Amino acid sequence: MLPYRVKIRKHMTITKIIYILFLLAIINSVKLSAQIDSSKIEFDVRIRERFELWNGMNVKNYGDDSPNAIGSLNDKMLLQRVIAGINLRPIPWFNISFHLQDSRAFGWSLRNAKYPDAFKVRAKNTKEPYYIMNPNEEFFEIHDLYLSLREALKNLTFTFGRQKIAYGDNRIFGPGDWGNTGRWTWDAFKISYKNKSNFIDVFAGGTKIHDPERISIPFTKTEFWGGGLYAHYDWAKISSFEPFYAIKKPGSAPYANTFNFTRQWIGLRLFNNDFHHFVYDFTMVKEFGKENGKSIDAFGIVGKLGYQFYFIPANPIFAIRESYASGGKNSDSKIKTFDFAFGSKDQYYGWMNITSWSNLDDREILIHFFPIKNMRIETNFHWFYIPVPDDVTLLGTMKLQEGKHFLGNEFNLYFNYQVSKQLQIISIFGYFIPGDLRPINNHNAKSSTWFAFQMLYQWTAEKKIKPKE
């Protein structure tokens, strides 16, 4: 029997060889198709600039302004992300996509140049091994690199390589795109079946790390291995059904490959955004598996119910929403703390990213307005509770008082306007009011605020390539 790490290295070597062979196949197919048919090549650029103003916290520290605390509590920074590349379609059913991404954070107190260890994931009180998950900085990185075979069989599409995979409301499989580097990027093989609006996708692969100083080669140094199934079915105009399954295992990156777990999720989402003016959205998911010899027994539930008033200017939607995820203690015989798989977090559990869908009871009131075409304004107010507060520390400093569960309130005001096909503007304000928190650095926890203004510009140009005579 080969040792586990030797097996991993052998597997990754084989994966690299397969990937190189696929790239060579792409090059040859492009040359051949250029001789027999016309090709299309699309150049596109996405430039995203976001100014953020923080007061009282950062992503690693809430409220601790002591000299040894990490980062500044009052960051004023510009987050920049540029994605540029090509989509090549040598023949109608074959597509190749390749884009590079450059993510930078100007004025950020936690930038890699100042805190190179801030986002290293490693065992406590150790230096190595580790991998890096930087949320804002990633220089000259491969954003995507995949080939896609469309309609190889009726209604079937095959996609292989680095790609974004996201479904539904992004709670289980999300891109995490608000983060400057983009939380979830897959190196995977995906099979998609689609018939009108209904579809079923099955995929397997790994998720990449985010290291500012190293280019991530597809299928190497993954944070997790895993995959899943996601389907969508519209039932008349009554409801849409989205059953799903996910699996997650340790990846091949240093330190990640020392873990021992298999986490699995199975669930269902039911929703309708306009059922006789009513809006509803329900998700139920069960998590199971094993980690370090312990069985996993956890669950998550989301319920939203609202009504849209078409007779009122701006056609507002008034809704309530509950997002619940089970929690547990480290000393429990079973793992009861829910993990949100490969899901996004910011847009649902407060834009300030203090909480996530794990050991959470989030009670929420939200109102949507649609003043003019392509404009959406949303306000929401959260009551955050931690079901099992034992062993819980958020942002490095936030701990609940003994016997208390109320973490605090958060108010968000969100504005989104699609000015044109090329230009989108987003602005968000967040205000957090602490609940029953213990003192931070011998002072009572204070409120914090956050403001963001973002502009996204997209440019695309298409060119037909005529075959050689």
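The values are calculated or read from the model by the stated rules, or taken from the named source; none is laboratory data. Quantities reported herein were computed from a predicted structural model and do not represent experimental measurements. Glycine gets a Cβ as well: all are built from the backbone with ideal geometry, and neighbour counts include every protein chain shown.
Residue 390 passes all but one of (1) within 27 Å of residue 58 (Cα to Cα); (2) under 24 Å from the mean Cα position of the chain (by Cα); which number fails? Of everything listed in (1) within 27 Å of residue 58 (Cα to Cα); (2) under 24 Å from the mean Cα position of the chain (by Cα), residue 390 misses just condition (2).
Residues of segment 49-67 that are part of a loop (DSSP other than H, G, I, E, B) and closer than 18 Å to residue 399 by Cβ: 56, 59, 60, 63, 64, 65, 66.
Do we find a residue being of a type in the set (A, V, I, L, M) and part of a strand (DSSP E or B) anywhere in segment 119-128? Walk me through it before giving the result.
Filtering segment 119-128 down to residues of a type in the set (A, V, I, L, M) leaves 121, 123.
Subset that is part of a strand (DSSP E or B): 121.
Yes; the residues of segment 119-128 include at least one that is of a type in the set (A, V, I, L, M) and part of a strand (DSSP E or B).
Mind checking whether some residue in segment 426-440 is within 21 Å of residue 66 (Cβ to Cβ) and either touching an Asp or Glu at 6+ places or on another chain (Cβ under 7 Å) or among the β-branched types (Val, Ile, Thr) (or both)?
First, pick out the residues of segment 426-440 that are within 21 Å of residue 66 (Cβ to Cβ): 432, 434, 437-440.
Restricting the remaining residues to those that are either touching an Asp or Glu at 6+ places or on another chain (Cβ under 7 Å) or among the β-branched types (Val, Ile, Thr) (or both) gives 432, 440.
There is at least one residue in segment 426-440 that is within 21 Å of residue 66 (Cβ to Cβ) and either touching an Asp or Glu at 6+ places or on another chain (Cβ under 7 Å) or among the β-branched types (Val, Ile, Thr) (or both).
In segment 114-126, what count of residues is obtained for those that are at pLDDT 95 or above and exposed (fewer than 15 other Cβ atoms within 10 Å of the Cβ)?
From segment 114-126, those at pLDDT 95 or above are 114-123, 126; that's our starting set.
Adding the requirement that they be exposed (fewer than 15 other Cβ atoms within 10 Å of the Cβ) leaves 114, 116-117, 123, 126.
Qualifying residue count, segment 114-126: 5.
Any residue that is among the aliphatic types (A, V, I, L, M), over 30 Å from residue 88 (Cα atoms) and touching a Leu at 6+ places or on another chain (Cβ under 6 Å) - is there at least one of those in segment 434-452? Taking every residue of segment 434-452 in turn, at least one turns out to be among the aliphatic types (A, V, I, L, M), over 30 Å from residue 88 (Cα atoms) and touching a Leu at 6+ places or on another chain (Cβ under 6 Å). In this structure, does residue 299 turn out to be touching a residue at least 60 places away in the same chain (Cβ under 8 Å), of a type in the set (Phe, Trp, Tyr) and crowded, with 16+ Cβ neighbours inside 10 Å? Judged against the criteria, residue 299 is not a match.
Conditions tested, residue by residue: (1) under 27 Å from residue 368 (Cα atoms); (2) touching a residue at least 60 places away in the same chain (Cβ under 8 Å); (3) loosely packed, with under 15 Cβ neighbours inside 10 Å; (4) not basic (Lys, Arg).
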| position | (1), (2), (3), (4) |
| --- | --- |
| 395 | no, yes, no, yes |
| 399 | no, no, no, no |
| 407 | yes, no, no, yes |
| 411 | yes, no, no, yes |
| 435 | yes, no, no, yes |
| 440 | no, yes, no, yes |
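Restricting the search to segment 293-340, which residues are among the aliphatic types (A, V, I, L, M) and more than 30 Å from residue 433 (Cβ to Cβ)? Matches in segment 293-340: 296, 335. Selection over segment 284-336 of residues that are within 21 Å of residue 250 (Cβ to Cβ) and aromatic (Phe, Trp, Tyr) gives a count of 1.
When segment 393-405 is filtered for residues that are under 16 Å from residue 328 (Cα atoms) and either hydroxyl-bearing (Ser, Thr, Tyr) or over 26 Å from the mean Cα position of the chain (by Cα) (or both), the ones remaining, listed by number, are 393, 400, 402, 403, 404, 405. Does residue 81 qualify as being surrounded by 17 or more Cβ atoms within 10 Å (Cβ to Cβ) and without any contact (Cβ under 8 Å) to a residue 40 or more places away in the chain? Answer is no for this residue.
In segment 377-389, what residues are under 15 Å from residue 318 (Cβ atoms) and not aliphatic (A, V, I, L, M)? I'd like the intermediate steps shown before the answer.
Initial filter on segment 377-389 (under 15 Å from residue 318 (Cβ atoms)): 377-381.
Residues satisfying the conditions are 378, 379, 380, 381.
Test residue 331 against the criterion of being assigned to a loop (DSSP other than H, G, I, E, B) and either touching a Lys or Arg at 6+ places or on another chain (Cβ under 9 Å) or over 30 Å from residue 206 (Cβ atoms) (or both), and give yes or no. In short, yes.
So, in segment 332-347, of the ones that are among the polar types (S, T, N, Q) and modelled with pLDDT under 95, which residue ends up surrounded by the most Cβ atoms within 10 Å (Cβ to Cβ)?
344
Conditions tested, residue by residue: (1) of a type outside the set (A, V, I, L, M); (2) under 23 Å from the mean Cα position of the chain (by Cα).
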{"site": "269", "(1), (2)": "yes, yes"}
{"site": "283", "(1), (2)": "yes, yes"}
{"site": "288", "(1), (2)": "yes, yes"}
{"site": "301", "(1), (2)": "no, yes"}
{"site": "316", "(1), (2)": "yes, no"}
{"site": "339", "(1), (2)": "yes, yes"}
{"site": "354", "(1), (2)": "no, yes"}
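Looking at the structure I just gave you, is residue 312 within 30 Å of residue 372 (Cα to Cα), touching a Leu at 6+ places or on another chain (Cβ under 9 Å), at pLDDT 95 or above and surrounded by fewer than 15 Cβ atoms within 10 Å (Cβ to Cβ)? The answer is no for residue 312. Of the candidates 33, 38, 29, the single residue that is among the polar types (S, T, N, Q), out of contact with any helix residue (DSSP H, G or I) (no Cβ under 9 Å at 6 or more places or on another chain), modelled with pLDDT under 95 and surrounded by 16 or more Cβ atoms within 10 Å (Cβ to Cβ) is 33.
Screening residue 45 against (1) over 30 Å from residue 117 (Cα atoms); (2) out of contact with any Ser or Thr (no Cβ under 9 Å at 6 or more places or on another chain); (3) at pLDDT 95 or above leaves a single unmet condition, (2).
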